[in-house]
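S.K.: The structure is given below, and queries will be raised subsequently.
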Amino acid sequence: MLVGDTLFYLADDKAIWGTPYPLRGEGGAVVARNAASGQQVWSFDIPERPHDIIAANGRLFVSTRNGTIYCFASKGEPGH
(Lines give C-alpha, C1' and ligand atoms only; values in the text may rest on other atoms or scores of the structure.)
Protein backbone atom coordinates (compact mmCIF):
# COMPACT_ATOMS: atom_id res chain seq x y z
CA MET A 1 0.00 0.00 0.00
CA LEU A 2 1.41 3.37 -0.99
CA VAL A 3 0.83 6.20 1.51
CA GLY A 4 2.53 9.43 0.54
CA ASP A 5 6.11 8.49 -0.32
CA THR A 6 6.11 5.30 1.77
CA LEU A 7 5.28 1.79 0.57
CA PHE A 8 3.90 -0.49 3.30
CA TYR A 9 3.60 -4.24 2.83
CA LEU A 10 3.14 -7.43 4.81
CA ALA A 11 5.55 -10.35 4.87
CA ASP A 12 4.04 -13.74 5.71
CA ASP A 13 5.93 -16.41 7.61
CA LYS A 14 8.85 -14.08 8.29
CA ALA A 15 10.18 -15.15 4.91
CA ILE A 16 12.16 -11.93 4.57
CA TRP A 17 13.96 -12.66 7.84
CA GLY A 18 15.40 -15.96 6.60
CA THR A 19 13.73 -18.33 9.05
CA PRO A 20 14.46 -21.98 8.29
CA TYR A 21 10.75 -22.93 8.02
CA PRO A 22 9.05 -20.16 6.01
CA LEU A 23 5.83 -22.08 5.30
CA ARG A 24 4.79 -23.03 8.83
CA GLY A 25 2.42 -20.07 9.21
CA GLU A 26 4.31 -18.64 12.15
CA GLY A 27 4.43 -14.89 12.26
CA GLY A 28 5.37 -12.25 9.79
CA ALA A 29 6.13 -8.56 9.62
CA VAL A 30 4.93 -5.20 8.40
CA VAL A 31 7.59 -3.33 6.44
CA ALA A 32 7.87 0.28 5.22
CA ARG A 33 10.11 1.33 2.36
CA ASN A 34 10.77 4.65 0.71
CA ALA A 35 8.88 4.35 -2.58
CA ALA A 36 11.48 6.28 -4.57
CA SER A 37 14.67 4.67 -3.27
CA GLY A 38 13.41 1.30 -2.05
CA GLN A 39 15.30 1.80 1.21
CA GLN A 40 13.68 0.13 4.22
CA VAL A 41 12.73 2.81 6.75
CA TRP A 42 10.81 0.78 9.32
CA SER A 43 9.65 -2.74 10.17
CA PHE A 44 7.82 -4.54 12.94
CA ASP A 45 7.79 -8.29 13.62
CA ILE A 46 4.33 -9.71 14.19
CA PRO A 47 4.16 -12.99 16.15
CA GLU A 48 1.03 -14.03 14.23
CA ARG A 49 0.53 -14.35 10.49
CA PRO A 50 -0.59 -10.97 9.05
CA HIS A 51 -3.75 -10.85 6.96
CA ASP A 52 -4.58 -7.32 5.82
CA ILE A 53 -3.35 -3.75 6.01
CA ILE A 54 -5.19 -0.41 5.88
CA ALA A 55 -4.28 3.24 6.47
CA ALA A 56 -6.74 5.73 7.97
CA ASN A 57 -6.54 8.97 9.95
CA GLY A 58 -2.75 9.00 10.02
CA ARG A 59 -2.49 5.44 11.34
CA LEU A 60 -1.61 2.07 9.89
CA PHE A 61 -3.73 -0.92 10.90
CA VAL A 62 -2.64 -4.53 10.44
CA SER A 63 -4.98 -7.43 11.09
CA THR A 64 -3.82 -11.00 11.62
CA ARG A 65 -5.40 -14.30 10.68
CA ASN A 66 -6.05 -14.88 14.39
CA GLY A 67 -8.07 -11.66 14.65
CA THR A 68 -5.56 -9.39 16.40
CA ILE A 69 -5.41 -5.80 15.16
CA TYR A 70 -2.19 -3.79 15.44
CA CYS A 71 -2.26 0.00 15.16
CA PHE A 72 0.82 2.07 14.29
CA ALA A 73 1.27 5.86 14.34
CA SER A 74 4.15 8.25 13.87
CA LYS A 75 6.07 9.29 16.96
CA GLY A 76 4.49 12.33 18.52
CA GLU A 77 0.97 11.46 17.36
CA PRO A 78 -1.64 11.35 20.16
CA GLY A 79 -1.94 7.80 21.48
CA HIS A 80 1.49 6.75 20.24
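The values are calculated or read from the model by the stated rules, or taken from the named source; none is laboratory data. What you see is a predicted model; the values in this text were computed from it and never measured. Every residue, glycine as well, gets a Cβ built from its backbone with ideal geometry; the counts of neighbours run over all protein chains shown. Heavy atoms of the whole protein, side chains included, go into the accessibility calculation; ligands, DNA and RNA do not. Shrake-Rupley method; radii C 1.70, N 1.55, O 1.52, S 1.80 Å.
S.K.: Given the conditions (1) at pLDDT 75 or above; (2) open to solvent by less than 70 Å² (accessible area, probe 1.4 Å), which single one is not true for Thr19?
M.R.: In the conditions (1) at pLDDT 75 or above; (2) open to solvent by less than 70 Å² (accessible area, probe 1.4 Å), Thr19 misses (1) alone.
S.K.: Are there any pairs with C-beta distances below 6 angstrom linking a residue in the stretch 63-80 that is open to solvent by less than 90 Å² (accessible area, probe 1.4 Å) and among the aliphatic types (A, V, I, L, M) to a residue that is at pLDDT below 95 and in a loop (DSSP other than H, G, I, E, B), with the two at least 6 apart or on different chains, and if so which?
M.R.: Listed by first residue and then by second, the contacts come to Ala73/His80.
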